[in-house]
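The structure appears right after this line, and notes come after that.
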Amino acid sequence: MSVLRAPDPAAVLRDFVARVSPYDPAPGAEPVGSVDVHSADGTETIRVTPHLARALAEALAGYRDRADRGTCATCGGRRLDENLHCADCGRLHGVLGEVIARQAERVRQRGPAGSAEAAP
Ligand SMILES: [Zn+2]
């Protein structure tokens, strides 16, 4: 697993504000809030206009984490690795995972291999 270096949160927010502010239909509108960002460089306060709040909400609604591979069909967990293996219950998803799960269910329903049929 690779760990990505975290960007400076204040710089990220400043970039976001710079990207959306040219399209603010009411740039002088009363702020609806503010965000204080504490980073290694100190504390920065960002005024949140109604347009910026809407843009943040839309950006978050459209965000999908690169590690989001859906939910586990067995336990509902959200920690599926790149092989669609659930870190919580161990189920393997995907086409191969479905075949293995079906076969495991058939074996489970029959009991231990041939135990009932093999008995004299
Ligand atoms: Zn699971």
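The values are calculated or read from the model by the stated rules, or taken from the named source; none is laboratory data. Fair warning: this is a prediction, and the values are worked out from it, not measured in the lab. Heads up, the Cβs are rebuilt from the backbone with ideal geometry, glycines too, and the neighbour counts pull from every protein chain shown.
Answer yes if at least one residue in segment 42-60 is away from the ligand (no atom under 16 Å from the Cβ) and either at positive phi or assigned to a loop (DSSP other than H, G, I, E, B) (or both), and no otherwise. Don't jump to the end; show me each part of the working.
Within segment 42-60, the subset away from the ligand (no atom under 16 Å from the Cβ) is 42-60.
If we keep only those that are either at positive phi or assigned to a loop (DSSP other than H, G, I, E, B) (or both) as well, we get 42, 49.
So far as segment 42-60 goes, yes, one or more of its residues are away from the ligand (no atom under 16 Å from the Cβ) and either at positive phi or assigned to a loop (DSSP other than H, G, I, E, B) (or both).
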Spot the failing condition for E105; the list is (1) away from the ligand (no atom under 16 Å from the Cβ); (2) in a helix (DSSP H, G or I); (3) surrounded by 10 or more Cβ atoms within 10 Å (Cβ to Cβ), and only one is missed. (1)
Among the listed residues P31, P25, which satisfies the condition of being assigned to a loop (DSSP other than H, G, I, E, B) and in contact (Cβ under 8 Å) with a residue 24 or more places away in the chain? P25
Residue pairs within 7 Å by beta carbon, gap of at least six or interchain, first lying in segment 75-92 and under 16 Å from R64 (Cα atoms), second more than 9 Å from the ligand (Cβ to nearest atom), listed first then second, are L80/R69; L80/G70
Qualifying position, being among the basic types (K, R), under 26 Å from L4 (Cβ atoms) and either modelled with pLDDT of 95 or more or not assigned by TED's automatic domain parsing to the domain that holds V20 (or both), among R91, R108, R78: R78
Just to be sure I understand, how many residues within segment 70-97 are outside any loop (DSSP other than H, G, I, E, B) and more than 10 Å from the ligand (Cβ to nearest atom)? 4
